[in-house]
Amino acid sequence: MFITVKTAIDDLLNMENLKFEPKHNLVACLDESIPETGGYRDMMRFIKRTKYVYAMCAKPVIYARLIKSFWRTAEAVTDEARVTVVRGNITRDLVLTVSEEAIRTALRIDDDEIGAHDELTVAECQACFVNMGHPPVFPKS
């Protein structure tokens with residue numbers, strides 16, 4: 001069944017008990033001017049330089065009923081391009097498909113290509129922990 005975007009939006013806006021879910025809207029505070037953040041300023045500066053800052057600090061409006069409706073009907077499927085996606089209904093007639101690419105786009109992660117992740121070496125991880133004050137002894141993996 002095909003529906004128009006306007007019909008889908010009207011259906012969403014008329015849903016009963018559509019409420020804002022504040023617990024799903026918590027974001028990171030990276031304001032260095034707050035006195036209590038003193039011990040975290042280096043970490044905050046690091047986060048601000050990463051591609052993940054938008055994902056941590058954006059304030060999207062999220063509605064509990066839409067999330068519950070999606071996950072009640074969600075299933076993992078392989079799409080036409082042989083990519084595994086999660087597909088579920090938001091309303092009776094509106095199906096939402098979520099892919100890794102869609103999440104990266106929404107969170108503005110912007111990798112050069114999907115699947116390209118920055119990885120730290122064990123030595124870099126250990127140096128980071130030592131800089132944070134942890135002892136320099138780490139189990140071998």
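All of the numbers you see were taken from the coordinates with simple rules; none came from a lab. Here the structure is a predicted model, which means the values were calculated and not measured.
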State the extension gain, in nm to one decimal, for the chain segment bounded by A127 and V61, taking 0.36 nm per residue of separation less the distance between their alpha-carbons. 19.9 nm
So between K51 and R104, what do we pick up on full extension, going 0.36 nm a residue minus the alpha carbon distance? 18.0 nm
